[in-house]
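The values are calculated or read from the model by the stated rules, or taken from the named source; none is laboratory data. All of these numbers come straight from a predicted model, not from anything done at the bench. Counting neighbours? That spans all protein chains shown, and the Cβs are built from the backbone with ideal geometry, glycine included. When the accessible area is computed, the model is the full protein with side chains, heavy atoms only, and any ligands, DNA or RNA have been set aside. Shrake-Rupley method; radii C 1.70, N 1.55, O 1.52, S 1.80 Å.
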Amino acid sequence: MAPASTSPPAKAQVTTAPAKSPLVGGLGDLDAAVSLRLHALFLPVPRLLLKALEVAGDGRIWLPVPISLLLISTTTSSKVSPLLVGLVAGLVLDILFVGAAKLIVRRPRPAYNAADMYVAVAADHWSFPSGHSSRAFLVAAFLAAGGFPREALFLWAASTSASRVLLGRHYVLDVVAGACLGVFEAWLSSLLLRAMCARISFLVC
């Protein structure tokens with residue numbers, strides 16, 4: 001009689017596959033391939049420059065500064081700047097929309113993303129959409145509508161968005177979706193501002 005096999009049960013040899021993001025298939029694969037190619041192609045770009053763009057679009061700067069200026073203006077004047085009110089409203093919307101989208105889609109960040117990224121909240125672990133891109137295009141579109149230099153603002157927004165792919169933080173589709181979301185948020189915050197101006201007397205609109 002042949003000796004009994006001592007190999008472990010078949011099911012014990014099966015490894016659990018990592019959970020996949022809903023953003024898969026041909027589009028996701030193409031996006032990942034193009035993003036990796038761009039990341040590799042632009043490796044000679046100084047990382048310090050890309051990190052500077054990352055900091056310039058950081059929400060830890062863009063949210064506290066307008067809120068602080070808004071609070072200061074309320075203590076020094078009887079009128080409140082509508083530009084600051086609309087910008088703060090847009091930035092709050094951005095946090096809500098981006099956070100919800102990240103938690104719903106749950107697309108992992110690129111595997112080649114360096115470990116020098118500061119993660120503020122749990123949603124920052126996810127990649128889609130890019131919060132830096134949405135924030136940059138929100139600020140650019142909103143301030144451009146307020147009379148600030150359009151070309152300079154959108155050049156900064158586009159550079160900040162591109163830096164997310166070159167740093168390996170995001171895929172191309174993440175930043176494209178973020179940019180579109182940011183423009184939508186700017187439009188929505190403008191609508192909210194007009195509604196507030198019609199109802200709140202201390203806003204000089």
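Taken as a whole, the condition of being touching a residue at least 24 places away in the same chain (Cβ under 8 Å) and not in a helix (DSSP H, G or I) applies to VAL45.
No other residue among TRP156, TRP126 is at pLDDT 95 or above and open to solvent by 30 Å² or more (accessible area, probe 1.4 Å) apart from TRP156. Of the residues ALA89, ALA111, the single one that is out of contact with any Phe, Trp or Tyr (no Cβ under 8 Å at 6 or more places or on another chain), open to solvent by 20 Å² or more (accessible area, probe 1.4 Å), touching a residue at least 24 places away in the same chain (Cβ under 8 Å) and not basic (Lys, Arg) is ALA89.
For the stretch 34-49, the criterion of being modelled with pLDDT of 85 or more and either among the small types (Gly, Ala, Ser) or within 24 Å of ALA89 (Cβ to Cβ) (or both) is met by at least one residue.
Take the conditions (1) open to solvent by 90 Å² or more (accessible area, probe 1.4 Å); (2) at pLDDT 90 or above; (3) in a loop (DSSP other than H, G, I, E, B); (4) not acidic (Asp, Glu); ILE95 misses just one of them, which is (3). All of (1) farther than 22 Å from GLY86 by Cα; (2) more than 16 Å from the chain's Cα centre (by Cα) hold for LEU153 with one exception: (1). Of the residues SER130, SER161, SER189, only one is in contact (Cβ under 8 Å) with a residue 40 or more places away in the chain, within 20 Å of the chain's Cα centre (by Cα) and closer than 25 Å to LYS51 by Cβ; which? The conditions single out SER130. Residue check: is LEU70 part of a helix (DSSP H, G or I) and either at pLDDT 85 or above or touching a Phe, Trp or Tyr at 6+ places or on another chain (Cβ under 8 Å) (or both)? Taking the combined requirement at face value, the residue does not satisfy it. Yes or no: the stretch 115-122 includes at least one residue that is open to solvent by 10 Å² or more (accessible area, probe 1.4 Å), over 15 Å from the mean Cα position of the chain (by Cα) and either at pLDDT below 90 or not β-branched (Val, Ile, Thr) (or both). Yes: one or more hits.
Candidates VAL105, VAL176: the one that is within 11 Å of the chain's Cα centre (by Cα), surrounded by fewer than 22 Cβ atoms within 10 Å (Cβ to Cβ) and under 22 Å from LEU30 (Cβ atoms) is VAL176. Total residues in the stretch 129-150 satisfying the condition of being crowded, with 24+ Cβ neighbours inside 10 Å and under 27 Å from PRO82 (Cβ atoms): the figure is 12.
Could you say whether any residue in the stretch 75-88 is of a type in the set (A, V, I, L, M), modelled with pLDDT of 90 or more and part of a helix (DSSP H, G or I)? Checking the stretch 75-88: at least one residue is of a type in the set (A, V, I, L, M), modelled with pLDDT of 90 or more and part of a helix (DSSP H, G or I).
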